[in-house]
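The values are calculated or read from the model by the stated rules, or taken from the named source; none is laboratory data. Since the structure is predicted, the reported quantities are computational estimates derived from the model, not experimental observations. Counting neighbours? That spans all protein chains shown, and the Cβs are built from the backbone with ideal geometry, glycine included. For the accessible areas, the whole protein counts, side chains as well, though only heavy atoms, and no ligand, DNA or RNA atoms are used. Shrake-Rupley method; radii C 1.70, N 1.55, O 1.52, S 1.80 Å.
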Amino acid sequence: MSIRHSLLALLQDQPRYGYQLRVEFESRTGATWPLNIGQVYTTLDRLERDGLVQNDGDDGEGHVIYSITPEGSLAVRSWFDAPVERNNPPRNELAIKLALAVTLPGVDVAAIIQAQRVASIRALQDYTKVRRDTAANQRPADTAWLLVLDSLIFQTEAEVRWLDLCEARMVQQAEAAKSQSARQQSTGVTSEEVRRAEARR
Amino acid sequence: MSVQRGQQVLELAKVCRTFGDGATSVAALRDVDLTIDAGEFVAVMGPSGSGKSSLLALSGGLDRPTSGGIFVESTPLADLGLNELARLRRRAVGYVFQDFNLVPTLTAAENVALPLELDGTPSREAYRQAREAMDLVGIPELANRFMDEMSGGQQQRVAIARAIIGERRLILADEPTGALDSTTGQGVMEVLRSRADAGAAVMLVTHEARHAAWADRVVFIRDGRIVDQAAAMHDPAMLLAQAGF
Ligand SMILES: Nc1ncnc2c1ncn2[C@@H]1O[C@H](COP(=O)(O)OP(=O)(O)O)[C@@H](O)[C@H]1O
Ligand SMILES: [Mg+2]
C-alpha cells in the first residue's frame, strides 16, 4: 500500500494539512488502514524534498498547508495508470509456510491446512457480517468501504479455495504413494530395490 | 415466530449412521454431537462423501440413526411413528434437497403450498403464503410454471420457497446454491439469514466458503466426524489488523 501516492492523490483534490489528510484518507477507505500521524508528516517531508508537493505555509490557525506540484500531479497520474505490482501485497506467508511444511518430515500438513481454513473462514464470516451491516444502512460515504470489504472477501475466499486444492493434492499424493507401495508389495519388490533398479537405469 | 431465540431447536447426541454391514459397511456418521438454537444459522462444510447429506437427512427425520438420539424441539424423533414424523416435517421442518424433489405435475406455487395444504391449511391461505414465500426468494413471476418450464436455478428457488413457507422452525438446506449464479446464490443466503434472524434454526450444507460465511457457526465434517467449528469474532478492528492493514 502506497501512503505516498495516496496522500498525493488527496492533495490533487485540494490543498490540505497533515491531520486533514489522515482523516480524509481513513474516511475514504473505511478506516481499513489506520494511518499514524507521524507517518503522514514524514511522508509529506519526503514528498516536499522530491518536489512533488510544496509547503504553502501556515493557514493562520497553526496548520501547515501542502499543495501538489505539477510533478506531483504527474506522479499521481502514473500511479493510477499502472497496475499494482503483483509482488506488492503478497509476500504470501501462507504459501511459504505450506511449501516448507510439505518438505519437512514430521510436520502435520493436514492439520496446518485445517487450522488455516478455520481461521480464514472465521475472517470471512466477519467480513461478511460487516459487509451485511454496512450495506443494510448504507450511506454514500460507504461505497469505498464496501469495495474494500468485497476485495477482502474475494481474497479470503480465494485463500480457502487454494487450501482445498492443497488438501486435495495431498490426498492424491498419499493415495498414489499407497497404491505404489501396494503394487510393489504384491510383486514382492521392496521400494529400496525399486530405487536401486532406477538408479542403475 | 413462536420460538424463542436461544432455545434449542435441534440436538444430535452421539449419533452414528452406518450403511450396510460386515466388511462392506460404511460409517457415514460417527459420534456426532451437535445442537442448533433458535435464531442460529449453522453451515456444514466437508469433502464429498464426508457425511453432510446424511447429517441433514437424519436431522430432518428422513432417515433413522444406527445409534444415538435426535431431538427436534426436545421431541426425540425415535419416539415418533411414520405419520407423526411426516407431520413434523410438514409443520416444523423445511428441507431443500440437493436435487430439489419438486412434484412435476404441480405448478411452482402449488409445490410451495403443498406442505401447508397437506397439513390442513385451507387452499386459498396456503396459496397466499406460497406467493409470499416466492416473493421472498425473488421469483414472484414463476408461480404458474411447471417444472419442465423452469431452469435448474429457478427450480432450486422454488424448492427454497417451499422450505421456508409457514412457520418453519428448522430449515435444512443441502447445497441449495449448486445450480445458481453467484448473485442468485447470495440472494439465497440473504433469505436463509433472514429466516434465522426471524428465529428459525438453519443448517446449510455448502462447499462454498463465501456462502458458509453467512452463518453464525461453521461446522467442519470429515469421515463422518465433526472435526472443527468456526464462529465469527465480530471484532472488525482486530480482523482488519490481522488482514495486515
Ligand atoms: N443410502 C446409502 N447407502 C449406502 N451408503 C450411503 C448411502 N448414503 C450415503 N452413503 C455413504 O455414506 C457416506 C456419506 O455420504 P453423504 O452423507 O451423502 O456425504 P456428503 O453429502 O458429504 O457427500 C458416503 O461414503 C456415502 O457413499
Ligand atoms: Mg451430499
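Condition first: in contact with a Gly (Cβ under 8 Å, 6 or more places away or on another chain) and over 18 Å from B:Thr183 (Cβ atoms). Now tell me which residues in region B:122-161 satisfy that.
The one that is in contact with a Gly (Cβ under 8 Å, 6 or more places away or on another chain) and over 18 Å from B:Thr183 (Cβ atoms): B:Gln129.
Working carefully through the options B:Gly22, B:Gly39, find the one that is open to solvent by less than 20 Å² (accessible area, probe 1.4 Å), over 26 Å from A:Gln114 (Cβ atoms) and either at pLDDT 95 or above or not aliphatic (A, V, I, L, M) (or both).
From the options B:Gly22, B:Gly39, the qualifying one is B:Gly39.
Suppose the filter is at pLDDT 95 or above and either open to solvent by 70 Å² or more (accessible area, probe 1.4 Å) or of a type in the set (A, V, I, L, M) (or both); does A:Ile65 pass it?
Yes; evaluated as a whole, the condition is true for this residue.
Based on this model, can you work out whether A:Leu165 counts as in a helix (DSSP H, G or I), open to solvent by less than 50 Å² (accessible area, probe 1.4 Å) and at negative phi?
no
Keeping to region B:117-142, report how many residues are over 21 Å from the mean Cα position of the chain (by Cα), closer than 20 Å to B:Gly187 by Cβ and surrounded by fewer than 18 Cβ atoms within 10 Å (Cβ to Cβ).
Residues that pass the stated criteria total 2.
What is the residue count in region B:217-237 for residues that are outside any strand (DSSP E or B), facing another protein chain (nearest Cβ under 9 Å) and either open to solvent by 40 Å² or more (accessible area, probe 1.4 Å) or modelled with pLDDT under 65 (or both)?
Number of matching residues: 5.
I'd like to know if region A:115-125 contains one or more residues that are in a helix (DSSP H, G or I), hydrophobic (A, V, I, L, M, F, W, C) and within 15 Å of the chain's Cα centre (by Cα).
yes
Going through region A:88-112 one residue at a time, which ones are within 13 Å of another protein chain (Cβ to nearest Cβ) and either within 19 Å of the chain's Cα centre (by Cα) or hydroxyl-bearing (Ser, Thr, Tyr) (or both)?
Answer for region A:88-112, where residues must be within 13 Å of another protein chain (Cβ to nearest Cβ) and either within 19 Å of the chain's Cα centre (by Cα) or hydroxyl-bearing (Ser, Thr, Tyr) (or both): A:Asn88, A:Pro89, A:Pro90, A:Arg91, A:Asn92, A:Glu93, A:Leu94.
Could you pull out the residue among B:Leu55, B:Leu77 that is away from ligand 2 (no atom under 16 Å from the Cβ), of a type outside the set (Gly, Ala, Ser) and over 26 Å from B:Phe146 (Cα atoms)?
Unique residue meeting the criteria: B:Leu77.
Taking the stated definitions as given, is A:Ser151 open to solvent by less than 60 Å² (accessible area, probe 1.4 Å) and either at pLDDT below 75 or touching a Lys or Arg at 6+ places or on another chain (Cβ under 6 Å) (or both)?
Considered against the rule, which asks whether it is open to solvent by less than 60 Å² (accessible area, probe 1.4 Å) and either at pLDDT below 75 or touching a Lys or Arg at 6+ places or on another chain (Cβ under 6 Å) (or both), A:Ser151 comes out as no.
What pairs come up if the first residue lies in region B:151-178 and is farther than 26 Å from B:Arg87 by Cβ and β-branched (Val, Ile, Thr), the second is within 16 Å of ligand 2 (Cβ to nearest atom) and modelled with pLDDT of 90 or more, and their beta carbons are under 7 Å apart, counting only those six or more places apart or on different chains?
Every condition considered, the pairs that remain are B:Thr177/B:Thr206; B:Thr177/B:Glu208; B:Thr177/B:His211.
Write out, first by first residue and then by second, each pair whose Cβ atoms fall under 7 Å of each other, whose residues are 6+ apart or on separate chains, and whose first residue, in region B:48-59, is under 18 Å from B:Phe100 (Cα atoms) while the second is open to solvent by 20 Å² or more (accessible area, probe 1.4 Å) and within 6 Å of ligand 1 (Cβ to nearest atom).
Qualifying pairs under 7 Å: B:Lys52/B:Gly46.
I'd like to check something: does region A:114-124 contain any residue that is more than 14 Å from chain B (Cβ to nearest Cβ) and of a type in the set (Gly, Ala, Ser)?
Checked region A:114-124: no residue is more than 14 Å from chain B (Cβ to nearest Cβ) and of a type in the set (Gly, Ala, Ser).
Based on what the data block shows, is B:Gly51 crowded, with 18+ Cβ neighbours inside 10 Å and closer than 30 Å to A:Arg122 by Cβ?
Yes: the conditions hold for B:Gly51.
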